[in-house]
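In what follows, a structure is listed as structure tokens, so that the remarks can point back to it.
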Amino acid sequence: MQRFLLPMMFFAAGVLLYVTAGGLGVWLMRIANSAPAFWPANGLAVALILSVGIHRMGWVLAGIAAAGFVLQKLAGAGALGTWIALGDILEIAIVTIAAHRARLLGSGLQSIASVVTMIAILMVATVANAVMAAVGVALFRQVPVLDSVFMLWRLDMTSALLVLAPFFAIATPGRLDEIRQTLRHGAWARGLEYLALVAVILGAVVFMWWSGQSLISFFTAPLLWCAIRFGQAPTTITASCLSLLIILLTIAGEWPNAYSSQPLAWQLQRIELSLSLNTLPTLFIAAAMAGLHKSARALKQSQERLRYALAGSGEGVWDWNIATGETYFSDSWHEILGYEPGEIEPHERSWDHLRHPDDNAENRRRIADHLEGRTPRYSIEQRFRHKNGDWIWVLDRGSIVERDAEGRPLRAVGTLQDISRLRARQDELDRRAHHDSLTGLANRTSLIESFERWNREKRSFCFVLIDLDAFKPINDRFGHQFGDHVLLAIADCIRACIGKDDVAARLGGDEFALLIDAPQADTEFTARRLIERISEAIGYADSLVTTGASIGIAPASDGAPDFETTYRMADIALYDAKAAGGSIYRTAGSSRPSGQSRRGKPASALPGLAGEDPADDATGQGEDAADHRDGRKAGNRRLLP
């Protein structure tokens, strides 16, 4: 039952609309002595179909066709009336389908493209209807086509524009919510301004009627003001109501007209043309203003999002005019460096004044790479001087955003971020990953990396392996804290005996290793100094102890041998030094080779070679002071209480 009732409802709606709107049009034509005056039926039919859904267009058009046939019969138009009704249905179908595909419903005519599309659709549809009606008039009334086609087109075009322009401008999603929101926020001032504008227009109409002077061009100014201030919907409603009012006054013979001696159809044609010329520009102005407002809102939202994002990320913004050097620094940019806005000169030379001298060369290289197109963006971690005098690490990033016609960079925009804490954390993590937690010397990982780098550079250097003599008794008698103190003192001795380019590492327990960037003879001299310094007494609290050091040396040059081989050679030499009584050094190749390491194991089984990382206890507990394996020590040193 419902499937039958709904189509009948749409059929009845089409009948009712066309009878009402068409009857009004016929009545106006009779008042105007059969001159085409105003035909709202077609525009209202399009509005109805688009409102209920285009898939119901068939039933609505069927109702319109039935009503049109009956209406034309009642008007005594005969076959010509039926022909004209078919032309109206054709116009309605063309406008409805084209407007649906162009998505005019819901557009609000908020863009110039939508206004142009609406006018183009109405032009095509009304021309088709006018040509069809003119052909019918020529067939049934023997009136030449050219004598009636323009008049009929003017009637259809003006009527459709007066009805559909307000419809498309008003029928947008959320229009009622927008009106409620406007009223809720107390936009009464704008409402009063609009009413004042309407009063000016009505006052002008009354004055022209009273004075007998028609000056339709006067209405251009208030309509343009309406378009600029209030948008498309109020403008189309105002323009359509004004045009309809003047058309009705003209039909009634009350509108002042300098051409009153001319036929009414000619007068209407001239007046409607003037009204169209007044209305169409306002549609474009309103659409352009809507586009500007939309762009302004989008820009404002984008700026707010950027501001919130930058505020949340703690970044400052800079904008660099590459040609002039002028640079904009945001408030947050100043804040990062401790300055108030305006305290720093807005010029590129401010960067040079603030930047650490050691970072200038790298910064110039990075900027040149980006400006010359070798990198997609500019990014560098560098140091800037804070207002309080401290150096802070910052991440400076940016990219070119504008070029001239020849591709030369004109403008770059970027951000500045304080990364001092991040760099501190990274440095601490790097220190822990590459340094012994107790002594601060390099660890085994860092030692291997340095060894491999020196080998790649084809350096000639010596690998020195140091093992303390009689360290376990110190640890056992005085405890781990004393033992850690001894290890720290020995680490200081090692630092004092090597060059600034050499590498010192603690491999674990009481074992140390060095990379000496010097010939074998110089390295042996350093070894003797190390033995002398390490054998000096070390005091802690009320106690004084001494220990010694056995040293093995293995030369490396021209990228060979590798770390494993070099370590094994130095370890064998160290084994020979301990076997000789300790506190001496041996160089690989210059002493009797034993073929074994200190542990009596092949070198591949040593911790440093098998991938083990000896435990390092930062608290001084466990192996920092007591990492002694069975059978590890040879020789004796004296222990003084």
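The values are calculated or read from the model by the stated rules, or taken from the named source; none is laboratory data. Only a predicted model underlies this, so the values are computations on that prediction, with no experimental measurement involved. Cβ atoms come from the backbone with ideal geometry, glycine included; neighbour counts cover every protein chain shown. Surface accessibility is based on the protein's heavy atoms, side chains included, excluding ligands, DNA and RNA. Shrake-Rupley method; radii C 1.70, N 1.55, O 1.52, S 1.80 Å.
In table form, for the structure just shown:
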{"item": "Residues of the range 125-147 satisfying the condition of being open to solvent by 60 Å² or more (accessible area, probe 1.4 Å), modelled with pLDDT of 90 or more and within 15 Å of GLY81 (Cβ to Cβ)", "result": "none"}
{"item": "Residue in the range 366-382 that is surrounded by the most Cβ atoms within 10 Å (Cβ to Cβ), counting only those that are free of Cβ contacts under 8 Å to residues at least 12 places away in the same chain and either among the hydroxyl-bearing types (Ser, Thr, Tyr) or within 20 Å of GLN417 (Cα to Cα) (or both)", "result": "ILE367"}
{"item": "Filtered residue count, the range 106-142, keeping only those that are within 19 Å of ALA41 (Cβ to Cβ) and in contact (Cβ under 8 Å) with a residue 60 or more places away in the chain", "result": "1"}
{"item": "Test: residue in the range 503-525 that is over 25 Å from GLY581 (Cα atoms) and within 51 Å of the chain's Cα centre (by Cα)", "result": "yes"}
{"item": "Qualifying positions in the range 532-546 - assigned to a helix (DSSP H, G or I), under 11 Å from ILE490 (Cα atoms) and open to solvent by 70 Å² or more (accessible area, probe 1.4 Å)", "result": "ARG533"}
{"item": "Residue in the range 115-123 that is out of contact with any strand residue (DSSP E or B) (no Cβ under 6 Å at 6 or more places or on another chain) and in a loop (DSSP other than H, G, I, E, B) present", "result": "no"}
{"item": "Some residue of the range 149-156 being modelled with pLDDT of 85 or more, more than 26 Å from LEU48 (Cα to Cα) and over 49 Å from the mean Cα position of the chain (by Cα)", "result": "yes"}
{"item": "Subset of the range 463-474 (residues that are part of a helix (DSSP H, G or I) and either surrounded by fewer than 22 Cβ atoms within 10 Å (Cβ to Cβ) or touching a Cys at 6+ places or on another chain (Cβ under 8 Å) (or both))", "result": "LYS472, PRO473"}
{"item": "Residue within the range 225-243 that is within 24 Å of MET118 (Cβ to Cβ), at pLDDT 85 or above, charged (D, E, K, R) and assigned to a helix (DSSP H, G or I) present", "result": "yes"}
{"item": "Total residues in the range 439-450, condition of a type in the set (Val, Ile, Thr) and crowded, with 19+ Cβ neighbours inside 10 Å", "result": "1"}
{"item": "Residue count for the range 451-462, restricted to those that are open to solvent by 60 Å² or more (accessible area, probe 1.4 Å) and not in a helix (DSSP H, G or I)", "result": "4"}
{"item": "Selection status of THR172, touching an Asp or Glu at 6+ places or on another chain (Cβ under 9 Å), of a type outside the set (A, V, I, L, M), open to solvent by less than 60 Å² (accessible area, probe 1.4 Å) and closer than 26 Å to GLN267 by Cβ", "result": "no"}
{"item": "Considering residues of the range 194-215 that are modelled with pLDDT of 85 or more and open to solvent by less than 50 Å² (accessible area, probe 1.4 Å) only, the residue farthest from LEU280 (Cα to Cα)", "result": "SER211"}
{"item": "Selection from the range 504-531 of residues that are open to solvent by less than 20 Å² (accessible area, probe 1.4 Å), closer than 21 Å to GLY559 by Cα and not small (Gly, Ala, Ser)", "result": "LEU514, LEU515, ILE516, THR523"}
{"item": "Test: residue in the range 418-428 that is open to solvent by 10 Å² or more (accessible area, probe 1.4 Å) and in contact with a Ser or Thr (Cβ under 8 Å, 6 or more places away or on another chain)", "result": "no"}
{"item": "Number of the exception - ASP396 against (1) open to solvent by less than 50 Å² (accessible area, probe 1.4 Å); (2) more than 20 Å from SER350 (Cα to Cα); (3) of a type in the set (Asp, Glu)", "result": "(2)"}
{"item": "Selection from the range 422-450 of residues that are among the polar types (S, T, N, Q) and either at pLDDT 90 or above or not in a helix (DSSP H, G or I) (or both)", "result": "SER437, THR439, ASN443, THR445, SER446, SER450"}
{"item": "Whichever residue in the range 568-587 is out of contact with any Phe, Trp or Tyr (no Cβ under 7 Å at 6 or more places or on another chain) and farther than 13 Å from ASP469 by Cα and, among such residues, is surrounded by the fewest Cβ atoms within 10 Å (Cβ to Cβ)", "result": "ARG568"}
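Residue-by-condition table, conditions (1) of a type in the set (Gly, Ala, Ser); (2) out of contact with any strand residue (DSSP E or B) (no Cβ under 7 Å at 6 or more places or on another chain); (3) over 17 Å from ALA125 (Cβ atoms):
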| position | (1), (2), (3) |
| --- | --- |
| LEU24 | no, yes, yes |
| ILE31 | no, yes, yes |
| PRO36 | no, yes, no |
| ARG56 | no, yes, yes |
| VAL60 | no, yes, no |
| ASP88 | no, yes, no |
| ARG101 | no, yes, no |
| GLY106 | yes, yes, yes |
